[in-house]
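Written below as structure tokens is the structure these notes are about.
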Amino acid sequence: MKRHTGSEFIFQVFALLLSIIIVHAIYVSLIRPTANALLEEQMALQASGQAYVAQRSMYVVLRDYEQEACFILMLWAMAIMGLKARNGFIEQKLLDQQLLPIDSSTSVLPEDTRALSRTIENLPPNQRYLLVPRVLLAALQRFGATHNIGDTANVAKEVCDAESDRLDSELAMVRYIAWAIPSIGFIGTVRGIGEALGQAHRAVEGDIAGVTVSLGVAFNSTFVALVISIVIMFFTHQLQLLQERLVLNAQNYCDEKLLKQLKADK
């Protein structure tokens, strides 16, 4: 489990760096140059006094630093959730396998647990530390030690509950990102309104171009941040649903494949 935790941390660090590189490259090469060209064209038309209709461009909506930060955090959260979803699907596939060499007509006695435990321990390392093998191994070891089916069922449930708590705690970073994105949008709103107020004297003199651009920063940043937050929360709930189903299915697997076959000594 320590190796698994360390590899996830390294993955998250590299995912953050890659998100920064990709998003910043797109902004520098495409979004900001296009948005600046459009704004300069609109200001030139406004200064010339010609009648024109301002076109709302997505490049202008996305151009500011707050929106860039929101997209970086969105890609980072998607990468984290993608890794966790992949792990969940791998665990789910294991539920389709027969991990113990017993069937519904076989009775498992306490003296059989050592041989069955070796079957689990001999699994490949990439499978041995998954949820289902851990639940089966803990149940077999408890049954071999106590010869009590009730204690065995309790330890299986405890392992599943602990895994559920662990999976939920590991989503804390994703939840933080989902909270941080709207906050960054509101920072853009405050910054834009502050810049607009700083140029109020120009608006009084008839030059409203600067105020218009600053107010655009204020509203665009909040708009983009809220949309991204909605998307992140949707995928977060889908991932949480996948993980909850996995824990429930693992507990049912243990009940069907092992607990029903246990037979305590009389």
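As a rough guide to protection, the peptides 246-254, 160-168, 10-18 ranked by mean Cβ packing within 10 Å, highest first, stand as 246-254, 160-168, 10-18. Counting only Cβ charges, +1 for Lys and Arg and -1 for Asp and Glu, the dipole size of segment 2-261 around its Cα centre is about 380 debye. Measuring between their Cα centroids, segment 12-47 and segment 220-266 lie 37 Å from each other.
In this structure, the amide hydrogen of V108, modeled 1.01 Å from its nitrogen in the peptide plane, lies closer than 5 angstrom to those of L262, K263, counting only residues at least 5 positions away or on a different chain. Residue separation of Q97 and E41 scaled by 0.36 nm, minus their Cα-Cα distance, works out to 13.8 nm of gained length. Subtracting the Cα-Cα distance of A162 and L248 from their residue separation scaled by 0.36 nm leaves 29.7 nm.
Computed from the coordinates by the stated procedures, all read-outs in this text should not be read as laboratory data. In this text the structure is predicted, and so the values were computed from the model without any measurement. Note that each Cβ is placed from the backbone with ideal geometry, even for glycine, and that neighbours are counted across all protein chains shown.
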